[in-house]
Amino acid sequence: MRRSAYIAVLSVLMLVACIRPGGQEGVATIPAQGVGGDISSDLEAIRAVVASYWGAFNSYDLERTLSFLEPAYREEQAETIAGEIRRLKLFGVKMGVSEESEPSFLSPEEAELIVKLAVPFRDRRVYQHLVKIDGIWKIDVSMEIKE
């Protein structure tokens, strides 16, 4: 059973290692306080989206998980995410999630942060990039940071 859980976790980590071509590597970030204006509502919204995304993942709720993704990224990742959720559910694996870095803004409509996933055998760090579409924050990149 332990080996099966390990295989399920590795499968999930393959999911979070996915990134769309043209990722945000090498892009300078602006600390939250450097964007100007009151951004506390955006910070709360970003944190809520990320927490809700991982909460839906841990609840094995595919539709809710996909709802937090930017439409093109959702379409690209839907099949992979469905498979990962099935495997997690099969083995009853739940991931502990915590914010490792405060969200940083690349622009008023782009932000990034790093979350830590507590999974069996070792923790993983995941980079997430979000975009604001029609006033709503959506995840458009989620990838594991290789150490």
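In table form, for the structure just shown:
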{"quantity": "Looking only at the stretch 117-131, and only at residues there that are touching a residue at least 12 places away in the same chain (Cβ under 8 Å) and surrounded by fewer than 17 Cβ atoms within 10 Å (Cβ to Cβ), the one that is farthest from the chain's Cα centre (by Cα)", "calculated": "F121"}
{"quantity": "Meets criteria (surrounded by 14 or more Cβ atoms within 10 Å (Cβ to Cβ), under 17 Å from R64 (Cβ atoms), modelled with pLDDT under 95 and in contact with a Leu (Cβ under 9 Å, 6 or more places away or on another chain)) for E84", "calculated": "yes"}
{"quantity": "Pair list, Cβ under 6 Å, 6 or more apart: the stretch 134-146 residue touching a residue at least 24 places away in the same chain (Cβ under 8 Å) and among the acidic types (D, E), other residue surrounded by 12 or more Cβ atoms within 10 Å (Cβ to Cβ) and part of a strand (DSSP E or B)", "calculated": "D140/H129; D140/V131; E144/R124; E144/V126"}
{"quantity": "Of residues in the stretch 41-64 being more than 19 Å from R125 (Cα to Cα) and in a helix (DSSP H, G or I), the one modelled with the lowest pLDDT", "calculated": "S41"}
{"quantity": "Test: E76 is more than 17 Å from R47 (Cβ to Cβ), within 15 Å of the chain's Cα centre (by Cα) and either crowded, with 17+ Cβ neighbours inside 10 Å or modelled with pLDDT of 95 or more (or both)", "calculated": "yes"}
{"quantity": "All positions within the stretch 95-109 that are more than 14 Å from the chain's Cα centre (by Cα) and either among the hydroxyl-bearing types (S, T, Y) or surrounded by 15 or more Cβ atoms within 10 Å (Cβ to Cβ) (or both)", "calculated": "S104, F105, L106, S107"}
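The values are calculated or read from the model by the stated rules, or taken from the named source; none is laboratory data. Keep in mind that what you see is a predicted model, and the values were worked out from it rather than measured. So basically every Cβ, Gly included, is an ideal-geometry build from the backbone, and we count neighbours across all protein chains shown.
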